[in-house]
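Below is one structure, written out as structure tokens; the observations come after it.
The values are calculated or read from the model by the stated rules, or taken from the named source; none is laboratory data. Keep in mind the model is a prediction, meaning the values are calculated, not measured. With ideal geometry, Cβ positions are generated from the backbone for all residues, glycine too; neighbour counts draw on all protein chains shown.
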């Protein structure tokens, strides 16, 4: 079986590694260079998307911001999964909100802004404080504003107006500010036959809008809510593959914040913590194979490595600590890799995170240090 992935980043790389034991060959379409490359070596395999599609049995995606003309070509092949509609919904907050409403899934009150009049209506409808997000292109905290008081309106509107003007199809989505206790996410998979398997929820800590620390948790009531909402969204899309839902936990009630129609950063812990990792399950789903078990096999946290290309030897030597580099050139704030740290029980995992805080730089790994400080209080 040969799978072509749209996108040639770390997610395609990890899918390639996960597919090898199943004899699934993976190639990746680099949207920038418009060539098909090997996900690990980046060597050119085919010089066009059409050639890559012809050589593949299945076409899928590792990210949602894919040019629509590329999606159209893939759809015409009849090989693309999940669906272009699912990918577009993940890349456009307007479509995403409509999808959640149609699926009957709880999400924050919102209003779409195309002009100043819409902005004023949003203030009336949504209220202050509010969060404003670009409909297209925003991720990892980019393209976002917070409006806390009316004195900020003119200044924020100037920035948003420039954002809208820069892209013909751009808009801003205003959302009510949700006073949540924590952020959690659910990664799951839906097979061609409609069967669904979900992983345990992960509790996520973000720094400056970027995921820093993600830990699998045992929360029975929240897990039931999350699975029901995941199933509703996946069924409404007739989805095939791995899908992630990000939630706000508001006093024990979940509200969907975002969806990601792909394998997800908050699911990287599954490589060491689950019986079948998210990357293998995505390939299983799109290739028509039975889904693998999503059972938690040991307590696990994932730590993002941002803007760093080395680690202290103490990290490499630590038992139950697994390092995944992405083969990227170092750049400030860039996702360079991640660390999965495991324990046989919760207390052991917590102590290992505290030990890591002793050797990892606080400015590069603030969430680990915050955890250690709260644990040792």
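Taken over the stretch 83-112, the residue count meeting the criterion of being touching a strand residue (DSSP E or B) at 6+ places or on another chain (Cβ under 9 Å) and free of Cβ contacts under 8 Å to residues at least 24 places away in the same chain is 1.
Among the candidates 80, 119, single out the residue that is closer than 25 Å to residue 158 by Cβ, touching a strand residue (DSSP E or B) at 6+ places or on another chain (Cβ under 6 Å) and crowded, with 17+ Cβ neighbours inside 10 Å. So that I can check it myself, show each step before the final result.
Details: 80 fails: closer than 25 Å to residue 158 by Cβ.
Exactly one residue qualifies, and that residue is 119.
Of all residues in the stretch 236-251, exactly one satisfies the criterion of being free of Cβ contacts under 8 Å to residues at least 60 places away in the same chain and out of contact with any helix residue (DSSP H, G or I) (no Cβ under 6 Å at 6 or more places or on another chain), namely 244. Scan the stretch 328-346 and give yes if some residue there is surrounded by 15 or more Cβ atoms within 10 Å (Cβ to Cβ), modelled with pLDDT of 95 or more and more than 30 Å from residue 42 (Cα to Cα), otherwise no. Within the stretch 328-346 (the criterion being surrounded by 15 or more Cβ atoms within 10 Å (Cβ to Cβ), modelled with pLDDT of 95 or more and more than 30 Å from residue 42 (Cα to Cα)), the answer is yes, since at least one residue qualifies. Of the strands (runs of 3 or more DSSP E) entirely within the stretch 113-221, those holding at least 1 residues that are outside the structural domain of residue 292 (by TED's automatic domain parsing) and free of Cβ contacts under 8 Å to residues at least 24 places away in the same chain occupy 144-147.
So that you can scan it fast, the table gives a plain yes or no per residue for (1) farther than 20 Å from residue 213 by Cα; (2) in contact with a strand residue (DSSP E or B) (Cβ under 9 Å, 6 or more places away or on another chain):
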{"residue": "257", "(1), (2)": "no, yes"}
{"residue": "271", "(1), (2)": "no, yes"}
{"residue": "274", "(1), (2)": "no, yes"}
{"residue": "283", "(1), (2)": "yes, yes"}
{"residue": "293", "(1), (2)": "yes, yes"}
{"residue": "304", "(1), (2)": "no, yes"}
{"residue": "308", "(1), (2)": "no, yes"}
{"residue": "312", "(1), (2)": "no, no"}
{"residue": "318", "(1), (2)": "no, yes"}
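When residues of the stretch 27-63 are filtered for being free of Cβ contacts under 8 Å to residues at least 24 places away in the same chain and either buried (at least 23 other Cβ atoms within 10 Å of the Cβ) or assigned to a helix (DSSP H, G or I) (or both), how many remain? Matching residues across the stretch 27-63 total 3.
Determine if the stretch 285-298 includes at least one residue that is in a strand (DSSP E or B) and either exposed (fewer than 15 other Cβ atoms within 10 Å of the Cβ) or modelled with pLDDT of 95 or more (or both).
Applying the first criterion (in a strand (DSSP E or B)) to the stretch 285-298 yields 296.
Imposing the further condition that a residue be either exposed (fewer than 15 other Cβ atoms within 10 Å of the Cβ) or modelled with pLDDT of 95 or more (or both) reduces the set to 296.
Yes, there is a match, as at least one residue in the stretch 285-298 is in a strand (DSSP E or B) and either exposed (fewer than 15 other Cβ atoms within 10 Å of the Cβ) or modelled with pLDDT of 95 or more (or both).
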